[in-house]
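Beneath this line is the structure, given in structure tokens, with notes to follow.
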Amino acid sequence: MGGSALSAFPSPLKIIQFAQPGKDKRARSLQRGRVPLDPLPDWVLTRRRQIGERIRAQRLHAGLTQLALADRIGRDHRTVHRWEYATAEPSLTDLLLLAAALDTTVGQILDEG
């Protein structure tokens, strides 16, 4: 048993040696799995805002507050607010829950038909 299972993983020194350093001069692989992303293209942010606006419009059409919708889908009302104002993006699971709670489809939330 002596270390054969651990021998498959590189030592931290080898990771540091081969990893590309980030702006802060630390190896990216040692930053808790976070790798800085390039800025998103403008169309992605625009699309995210549109999706948020549709979530809000469908919520209002259903006569729900952010708090009521959040309760229906098991999320915090601040999360719903972040989706509506495009400061966060819903996961696929969140989109499925939203569609069920708003009696619509994921495609209508995404405006794909």
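The values are calculated or read from the model by the stated rules, or taken from the named source; none is laboratory data. Quick caveat: nothing in here was measured; it's all calculated off a predicted structure. Using ideal geometry, Cβ is built from the backbone for each residue, glycine included, and neighbour counts are taken over all protein chains shown. Note: areas computed on protein heavy atoms with side chains; ligands, DNA, RNA excluded. Shrake-Rupley method; radii C 1.70, N 1.55, O 1.52, S 1.80 Å.
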Legend entry - Segment LEU92-THR46, extension gain: residue separation times 0.36 nm, minus the distance between their alpha carbons: 14.7 nm
Inset, instruction - Using label points projected 7 Å from each Cα along Cα→Cβ, tell me how many nm separate ARG72 and ASP103, to one decimal. - result: 0.9
Legend entry - Heavy-atom surface of the stretch 33-113, accessible at 1.4 Å and reported per residue (Å²): 67
Legend entry - Full-stretch length increase - LEU110, ASP38 - with 0.36 nm per residue and alpha-carbon distance subtracted: 23.5 nm
